[in-house]
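See structure below.
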Amino acid sequence: MSDTDREGSGSRRRLSCLAVVVAALAVAAGGLVWLFQDELFHPFGDPRACEGSDAKLPGVISAGGVPIPSDASDIHYVTENGFAQVSFLTDRMPDYLHRAGLVPEGESLFDENYGGGYALGQGESELPEGLCGPALKGPAWSYNTTGAAGPGVNILVERSRVTDTTFRAPARVIASFDIP
């Protein structure tokens with residue numbers, strides 16, 4: 001075998017190895033993209049935004065001008081035509097309801113002058129169309145703004161399954177409001 005034949009055979013072998021490595025890397029990259037596609041392709045690069053959202057919400061989300069509780073977690077939102085729906089978990093709903101002007105300080109959180117039962121029975125759940133993440137579970141209580149949070153704000157909160165006078169801990173909340 002001549003030196004030229006050996007050189008050609010070595011080049012072919014290196015090209016074959018390179019092709020195998022490139023193919024393996026492409027398969028691995030495709031697998032990673034598929035595995036993490038939800039994290040990679042959120043609208044606006046915001047992992048809180050649900051598919052179909054048409055506007056990005058700020059880092060600190062405010063429903064009607066009042067920031068959601070600072071302990072809020074598992075946050076998801078959908079926006080469409082100047083309207084937002086935000087779902088989150090919190091242990092600080094009483095404080096939020098007072099800050100938002102939905103329930104005056106010193107008043108019962110379950111006074112029907114400020115809110116009312118929501119048509120979602122024990123064990124039933126609801127997730128508004130387009131909103132991603134976990135569903136709100138019944139029983140639930142609804143508040144509509146008449147105070148500082150301004151018009152167009154609705155708050156749904158999970159009530160305790162044991163008593164009608166407390167929220168779950170933590171409670172799933174869905175805040176619906178107009179985007180300024």
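Summary table below
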| read-out | value |
| --- | --- |
| Long-range HN-HN contacts of Ser160 with modeled amide H, under 5 Å | Thr166, Phe167, Arg168 |
| Linear extension gain, Thr165 paired with Glu80, 0.36 nm per residue minus alpha-carbon span | 27.2 nm |
| Rg ratio (alpha-carbon, reference 2.2 N^0.38 Å) - region 54-180 | 0.97 |
| Accessible-area composition of region 49-108, carbon plus sulfur, in percent [1.4 Å probe] | 49 |
| Within region 159-180, backbone nitrogen closer than 18 Å to the virtual label 7 Å beyond the Cα of Glu126 toward Cβ | 159-161, 167-168, 171-178 |
| Where region 81-180 is the region considered: accessible area per residue in Å², 1.4 Å probe | 48 |
| Formal net charge of residues neighbouring Leu156 (Cβ-Cβ distance under 13 Å; K, R +1; D, E -1) | +1 |
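The values are calculated or read from the model by the stated rules, or taken from the named source; none is laboratory data. Owing to the predicted nature of the structure, the values given are computational and were not obtained by experimental measurement. Virtual Cβ from ideal backbone geometry, glycine too; neighbours counted across all protein chains shown. The area values use the complete protein model at the heavy-atom level, side chains included, leaving out ligands, DNA and RNA. Shrake-Rupley method; radii C 1.70, N 1.55, O 1.52, S 1.80 Å.
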